[in-house]
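What follows draws every value from the coordinates through simple rules; no lab data is involved. These numbers were taken from a predicted model, which means no experiment stands behind them. Cβ coordinates were reconstructed from backbone atoms using ideal geometry, including for glycine residues, and neighbour counts include every protein chain displayed.
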Amino acid sequence: MGCGSCSTGGGCTPNGCKSNGSCGTGGCQTMEVHDWLSNLDMPSNYKAFQVTEIKFKGSRKEFFLNNDNIYLEIGELVAVEGPTGGFDVGHVSLTGELVRVQMKRRKTSMDQVTKKIYRKATEADVEKWNAAKEMEWETMHKARKLALDLRLQMKISDVDYQADKTKATFFYTADGRVDFRELIKKMAENFRIRIEMRQIGMRQEAGRLGGIGSCGRELCCSTWLTNFKTVSTAAARYQNLSLNTLKLAGQCGKLKCCLNYELDTYLDALKDIPDRIENLDTEAGYARHQKTDIFKKIMWFSYQGDENWIPVAAARVKEIMVMNKAGKKAPNLKEEAIQIAAPVVIEKSFDYENVVGQDSLTRLDERSKGKNNANRNQKSNRNNNPNRRERVPTGDKSIAPNNKPQANPQGGKPAQNGPKPQQNAGAKPQQQAVPKPQHVNGPKPQGTKPVAKAEGTPDAVDGTKPEQSKNKNRNNRRKNNNRRNNNNGSENKPTVE
């Protein structure tokens with residue numbers, strides 16, 4: 001809860017806090033009482049109440065006498081008398097007349113307050129106190145190891161050192177009584193301090209350790225809840241919750257304390273709802289109960305073979321049940337159905353303009369759509385290109401399948417671009433009957449010009465070859481390749497004149 005010196009009003013940094021965002025107790029104190037008398041002017045003859053409330057680790061609070069009338073403010077560190085001698089350091093949690101109210105609430109009389117406040121904590125006191133707190137983590141793990149060696153059915157959850165390092169209180173949880181006499185002997189030998197063992201419950205353990213609940217907030221038992229009431233599964237039944245222990249249990253392993261928060265509201269709403277709802281006898285037949293909205297006081301019924309649910313007021317259902325007990329049938333429920341207004345969806349208007357576009361959840365989808373459209377445009381441009389080369393079917397030998405250069409069988413220059421004119425029909429070809437593309441596979445002879453790449457067609461024979469099937473053309477190409485590999489380029493060497 002907020003306080004006058006550290007109120008979290010409208011920002012992360014508490015207002016009026018001079019520790020750059022945190023009080024002397026590490027933030028707005030938990031389980032604190034708001035001092036509503038701090039800003040009031042007291043009478044001139046007013047004498048402050050001599051008892052002060054001091055808070056220690058784990059929300060432990062005790063009352064101490066301020067016999068020297070030391071001026072104290074909430075959050076200050078003070079050195080107080082220890083429970084068994086020595087001194088301890090704690091924070092001032094409450095002063096003034098509200099301490100009297102707290103003592104009455106906790107049923108504590110003035111005779112029971114015997115310990116007193118020594119002084120405000122000095123630098124030496126704070127250094128000893130910090131050194132003692134640093135030893136708690138290591139001490140707790142060593143104590144757990146000793147308990148495991150002795151096979152004790154207990155769990156040591158926390159250790160609280162006194163500021164002068166003369167005493168340590170061990171808090172543990174267990175299902176039953178535990179004989180830890182041997183454990184205390186071994187811990188006294190290892191730690192060389194006075195030891196006190198205190199058993200706590202599961203809820204108290206969760207309150208001391210703290211944590212985040214399933215609601216996303218800090219645990220109630222570690223922030224503001226001081227008394228633990230019993231929670232039963234009946235609270236979940238009244239609220240129509242599923243009896244799933246994994247969802248109903250908190251971090252302490254017990255049922256969540258928040259199940260009791262709204263229980264009274266549900267019990268008040270259930271007073272207007274019939275307890276035992278049976279099938280309603282109407283002129284159209286028996287109506288079966290489907291569901292109930294206890295806050296709107298509406299009950300839904302349906303007839304056999306009809307999928308539509310009929311909303312009826314809870315008060316009218318009670319009247320129909322009385323009629324059925326008297327042997328009378330109620331009229332058709334469809335005639336008495338309640339008109340439920342459809343929920344109105346209000347469009348939210350934002351007072352800012354999304355300039356960058358980073359708030360859109362579909363911004364990545366729009367980016368991928370843009371890439372797909374660009375790829376489609378590139379494909380369409382390729383298809384519409386007038387200089388695009390068309391694929392030639394394999395069966396047509398009149399057009400070259402590729403643009404590789406061809407050598408002249410007479411030893412002259414290679415053929416130029418464009419188709420080679422055909423020879424006379426009566427002329428005898430000098431080469432083989434079946435033309436094949438000529439390649440220069442051997443080394444270049446000296447004194448001749450290198451064969452340049454030319455885009456042309458292979459030498460054609462008189463007339464055109466009849467079109468053949470794809471398998472036959474594939475076999476011919478394989479044969480030509482085998483012949484070319486066997487010749488090693490000897491037949492394709494141009495002659496030197």
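Side notes on the structure shown:
- Among the listed pairs K55/K256; K271/K348; K47/K133, those whose Cα-Cα separation exceeds 30 Å are K271/K348; K47/K133.
- Packing rank of 92-103, 310-321, where each peptide gets the mean count of other beta carbons within 10 Å, highest leading: 92-103, 310-321
- With a cut-off of 11 Å between beta carbons, the residues surrounding S214 carry a summed charge of +3, where Lys and Arg count +1 and Asp and Glu -1.
- Net charge of the neighbourhood of E62, taken over other residues with C-beta under 14 Å away and scored Lys/Arg +1, Asp/Glu -1, is +3.
- Note on E123 and K247: the model spin-label points, each 7 Å out from Cα along the C-beta direction, lie 5.8 nm apart.
- Full-extension gain in nm, V178 to H289, via 0.36 nm per residue minus C-alpha separation: 34.6 nm
- The protection proxy used here, the mean number of other Cβ atoms lying within 10 Å of each residue, ranks peptides 167-175, 477-485 as follows, highest first: 167-175, 477-485.
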